[in-house]
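What follows is a set of notes on a single structure, which appears directly below.
The values are calculated or read from the model by the stated rules, or taken from the named source; none is laboratory data. Quick caveat, the model's predicted, so the values are computed rather than measured. When we count neighbours, we look across all protein chains shown, and the Cβ atoms used for this are built from the backbone with ideal geometry, even at glycine. Heads up: the accessible areas ignore ligands, DNA and RNA and are worked out on the full protein's heavy atoms, side chains in. Shrake-Rupley method; radii C 1.70, N 1.55, O 1.52, S 1.80 Å.
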Amino acid sequence: MSASQPEVKPRLLTGDRPTGPLHLGHLVGSLQNRVRLQHAYTCFFIIADLHMLTTRSEPEQIAAIDANARGLVLDALSAGIEPDGATFYLQSAIPEIHELAGLLQSLVTVNRLERLPALKEMARDTGQEMSFALLGYPVLQSADILSVRAQAVPVGKDNYAFVEITREIARRFNSRYGEVFPVPEIVPGEVPVLVGTDGQRKMSKSLGNAIALRDTSAEVRKKVMGMYTDPNRVTADTPGTVERNPVFSYLATFATDRDAIERMKARYRAGTIGDVEVKEYLVAVLDDVLDPIRERRTRFEGSGYVDELIERGTKQVRAETQQTVLAVRKAMGFAGVWNRIHRRAERRRASEGSKAAG
Ligand code: TRP
């Protein structure tokens with residue numbers, strides 16, 4: 001490929017709500033998948049703070065967005081996303097995403113949205129009635145995906161129905177107004193499987209059962225030593241169960257020495273190894289996983305690097321989204337006042353550009 005003809009890769013878009021530090025569940029559930037995919041695509045990672053507002057709109061939660069956004073990007077870079085091939089951007093700083101979402105709203109029915117189990121669950125979790133914002137969650141997500149005309153969207157199962165709505169909206173738009181959008185494909189592979197340190201529920205920061213990627217070795221040790229194991233095991237010589245024992249699930253997920261795990265399981269079942277020894281082993285295994293992540297973090301943190309990256313990405317995606325909205329308005333046939341104003345502004349910009357160039 002010559003330098004003047006850069007390779008055109010398909011576009012990938014995915015992202016997260018900036019609700020707090022990423023943890024081991026994200027690492028195995030989504031980050032590792034994104035790291036694997038990154039070179040085959042031009043990657044866009046949205047920091048979906050407007051989506052966060054659909055369930056968390058208290059002032060304190062909004063005040064935490066900036067720090068959480070920075071943390072999210074730093075976590076992604078630490079996990080191995082390379083900043084050169086990726087564009088990170090803050091959703092709320094691009095008002096045209098809302099404009100696009102508004103223009104798409106007539107392409108989906110309230111009934112279709114109300115029936116989505118994922119939305120019903122989210123509403124139930126808030127303990128409140130479904131808000132208008134939450135009902136519109138999939139439409140807003142469609143605007144995210146379509147604003148950069150993404151072709152590939154790697155998401156977890158909980159998001160499949162939302163991307164399905166995006167596909168319907170894209171198809172409906174294209175057939176009603178003319179081809180503007182590629183119909184995006186779901187890329188499977190994001191699988192949130194990791195149980196929390198409590199051994200009860202999925203790892204989640206809000207449940208207090210998470211090991212964060214940014215945790216120090218000492219913090220990891222403390223959390224592992226406090227981990228739930230087998231409640232029926234009172235002493236180290238009581239035979240224990242490894243099934244549904246989160247210490248062993250973590251070993252299965254993160255340890256590379258399969259034989260060592262099998263030996264430990266056998267000893268655990270026989271009551272010839274204590275919880276503490278198994279946990280010590282797990283701490284070492286997790287440090288092996290987290291050390292390269294910690295090392296990369298030190299390279300990217302500080303000196304405003306991440307802020308600058310988000311700013312640059314946001315400007316770039318804003319310009320792209322403006323182009324998309326323009327194409328949408330043209331396809332839909334908006335003419336008249338808006339069009340004249342816009343054309344005039346366009347001509348002015350063009351002549352200023354040629355003056356500056358000449
Ligand atoms: N809905 C995603 C979540 O569960 C976040 C998100 C917002 C997203 N916009 C997106 C994911 C666009 C993929 C593509 O947190």
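Observations on the structure shown:
- With a Förster radius of 22 Å applied to the C-beta separation of ASP291 and ALA260, the computed FRET efficiency comes to 0.70.
- Percent of alpha-carbon pairs separated by more than 13 Å within region 171-220: 71 percent
- Counting lysine pairs in the chain that sit 8 or more residues apart in sequence, or on different chains, and whose Cα atoms lie under 15 Å apart gives 5.
- Highest mean packing first, where packing is the average number of other Cβ atoms within 10 Å per residue, the peptides 268-277, 16-25 line up as 16-25, 268-277.
- Centre separation in Å (Cα based) which lies between region 129-200 and region 286-337: 18 Å
- Prolate/oblate/rounded label for region 43-189 (Cα gyration tensor, a/c 1.5): oblate
- Extended-chain gain in nm, criterion 0.36 nm per residue less alpha-carbon gap, SER206 and GLN105: 33.2 nm
- Rotationally averaged projected area of region 239-327 (alpha carbon convex hull; nm²): 9.7 nm²
- Ranking by accessible area, most exposed first, for SER30, SER303, SER351 with a 1.4 Å probe: SER303, SER351, SER30
- Restriction of the chymotrypsin sites (Phe, Trp or Tyr not before Pro) in region 161-267 to DSSP coil positions whose beta-carbon has at most 16 other beta-carbons within 10 angstrom yields TYR228.
- Cα gyration tensor shape of region 1-114, rounded if a/c is under 1.5, else prolate or oblate by comparing a/b with b/c: oblate
- The residues of the chain present an accessible area of 51 Å² per residue when probed at 1.4 Å with all protein chains retained.
- Shown here for region 180-271: GluC sites (Glu not before Pro) in loop regions (DSSP other than H, G, I, E, B) with at most 14 other Cβ atoms within 10 Å, namely GLU243.
- GLU301 contributes an accessible area of around 90 Å² to the protein surface, as traced by a 1.4 Å probe with all chains present.
- Within the accessible area of the chain (1.4 Å probe), percent carbon and sulfur: 52 percent
- Expected 222 nm ellipticity per residue - DSSP helices of 4 or more, -39500 (n - 2.57), all of the chain, to 500: -17000 deg cm²/dmol
- For region 55-135, the Kirkwood hydrodynamic radius comes to 15.6 Å, computed from all pairs of different C-alpha atoms.
- Local charge for ALA260 was computed over the other residues whose Cβ lies under 13 Å away, with Lys and Arg +1 and Asp and Glu -1, and equals -2.
- Contour excess over end-to-end distance, with Cα ends at LYS355 and ALA331 and 0.36 nm allotted per residue: 5.6 nm
- Region 139-196 - Kirkwood radius from inverse mean 1/r over Cα pairs (Å): 12.0 Å
- Computed over Cα pairs, the Kirkwood radius of the chain leads via Stokes-Einstein (0.692 mPa s, 37 °C) to a diffusion coefficient of 144 µm² per second.
- GNM top mover of PRO246, PRO182, PRO231 - the chain, alpha-carbon springs below 10 Å: PRO231
- A convex hull fitted around the alpha carbon atoms of region 112-264 yields 170 Å³ per residue.
- Residues ARG56 and ASN174, FRET efficiency given R0 of 45 Å [Cβ-Cβ distance, rounded to 0.05]: 0.85
- Using 0.36 nm per residue and subtracting the Cα-Cα separation, the extra length available between ARG343 and TYR228 on full extension is 34.9 nm.
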